[in-house]
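Everything below concerns the one structure shown next.
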Amino acid sequence: MKLSITCLYLSNGTTRGHSSGTASVPSVKTSIIPGNEQSKVFSDTVLRTWNLYQTGMSLEEMARVRKLKESTIAEHLCRLAQAGEAIDVGRFIPKEKIKTIQDTIRKTNSSSLKVIKDTLSENSPDVDEYSYSDIKLVMYCLSVRTET
């Protein structure tokens, strides 16, 4: 018999745990972001990124502190945005670049990152000017979707 303990970090800094002597499913540490009407639960690693984001750090700084890739930090921010958290993409991507990505998403009428990236690369002298992370951040944080 395995003991599974799940611990929630609450907005007031306290924790609430639940244990079961019959569960064999591995436990996952989760956290609730304070200040939301809805209870949103995220993994501990996403919450750490959220806390660093709130301090005003850049993607590069958060990645360095967390010892993760910038693309992983961007993915965390996308998850937060999908759950309704406000992420200011303008902190990480210049406005002109955001507009170009938004226009390309609409023009291609595709949600395929590869199609969008290929189209951006065709129109840019620097093939690596637009990263997949840039595209994801614009898509999820600014809710740019293709029109159907």
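Derivation of every value follows stated rules applied to the coordinates shown; laboratory data play no part. Since the structure is predicted, the reported quantities are computational estimates derived from the model, not experimental observations. Here the Cβ positions follow ideal geometry from the backbone for every residue, glycine too, while neighbour counts run over all protein chains shown.
Numbers below:
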{"read-out": "Residue exposure sequence - E75, E122 - by fewest surrounding Cβ within 10 Å", "value": "E122, E75"}
{"read-out": "Packing-based ranking, highest mean first, of 63-69, 44-50 given that Cβ atoms within 10 Å are counted", "value": "44-50, 63-69"}
{"read-out": "Mean projected area in nm² (Cα convex hull; one quarter of hull surface) for the stretch 90-141", "value": "3.2 nm²"}
{"read-out": "Sorted by Cβ neighbour density within 10 Å, fewest at the top, the residues D134, D103", "value": "D103, D134"}
{"read-out": "Residues F42, F92 arranged by fewest to most Cβ contacts within 10 Å", "value": "F42, F92"}
